[in-house]
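Inspection log for the structure reproduced underneath, given as structure tokens.
The values are calculated or read from the model by the stated rules, or taken from the named source; none is laboratory data. In this text the structure is predicted, and so the values were computed from the model without any measurement. Please note: Cβ atoms are built from the backbone with ideal geometry, for glycine as well, and neighbour counts cover all protein chains shown. The area values use the complete protein model at the heavy-atom level, side chains included, leaving out ligands, DNA and RNA. Shrake-Rupley method; radii C 1.70, N 1.55, O 1.52, S 1.80 Å.
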Amino acid sequence: MAQPLMPHATASWLVDNTSLSFEQIADFCGLHILEVQAIADDTAATKLTGRDPVRAHELTQDEIDKGQADPNYRLKIQKGPEQVRRTKGPRYTPVSKRQDKPDGIAWIIRNHPEISDGAIGKLIGTTRTTIAAIRDRSHWNIGNITPKDPVTLGLCSQRELDALVTKAAKAAGMEAPTDTRLEGDREALLEQLRNERQQAARDAEALANGETAQPTPAFIDPFKR
């Protein structure tokens with residue numbers, strides 16, 4: 001299904017200007033519902049500037065009205081001008097997040113060994129050489145690499161990771177694992193996201209002021225294995 005050109009900014013606008021459910025917004029923007037929840041709770045490292053999908057000709061007001069009237073209705077994107085998309089080269093990752101790539105790669109290798117290096121490279125936006133070095137522990141910075149969920153790090157969306165895990169499990173003849181993190185631990189996960197993003201914002205501000213960032217109190221990850 002086609003998605004808005006700027007899904008996070010579009011989700012921010014829909015949260016602020018409509019009564020659509022988080023599930024409807026997540027479905028339309030191609031995001032995980034927790035990402036929409038985080039946007040609504042203002043837990044992103046920086047406040048997103050909303051993008052009006054109506055003015056962008058990606059959604060009609062009639063569609064929004066239908067969605068607000070029926071929580072089960074799924075919004076349909078309006079076909080806009082043809083967009084130019086990257087077709088070659090690695091996935092782009094913001095400079096501020098590139099140092100997190102090794103942690104995200106290590107997490108996937110540890111938790112989902114069935115995923116190929118090529119698939120990891122496309123998801124995270126890295127090379128097979130880097131993945132191989134982390135896998136065989138020959139990476140130059142291996143002592144400082146700590147496996148962390150790439151979704152929490154902002155390297156990919158939960159939907160992208162889930163789709164990749166399901167595809168790899170099917171190819172390997174395995175039963176795709178069921179994500180049970182939302183069962184009773186939803187608030188804990190949101191709190192983890194909130195703490196990490198707030199710390200990232202403080203670190204950036206401290207760096208700009210030439211100060212040393214103060215760490216937040218330790219947070220116990222309920223999903224760490």
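Residue 170 to residue 57: FRET efficiency via 1/(1 + (r/R0)^6), r the Cβ-Cβ distance, R0 25 Å, to the nearest 0.05? Once the sixth-power term is evaluated, E becomes 0.10. Computed over protein heavy atoms with a 1.4 Å probe, the carbon and sulfur contribution to the accessible area of region 97-167 reaches 52%.
Label sites at residue 202 and residue 49, each approximated as a point 7 angstrom past Cα along Cα to Cβ, lie 2.8 nm apart.
Remark on region 109-166: ratio of C-alpha radius of gyration to 2.2 N^0.38 Å is 1.10. Modelled spin labels at residue 137 and residue 65, positioned 7 Å past Cα toward Cβ, are 6.4 nm from each other.
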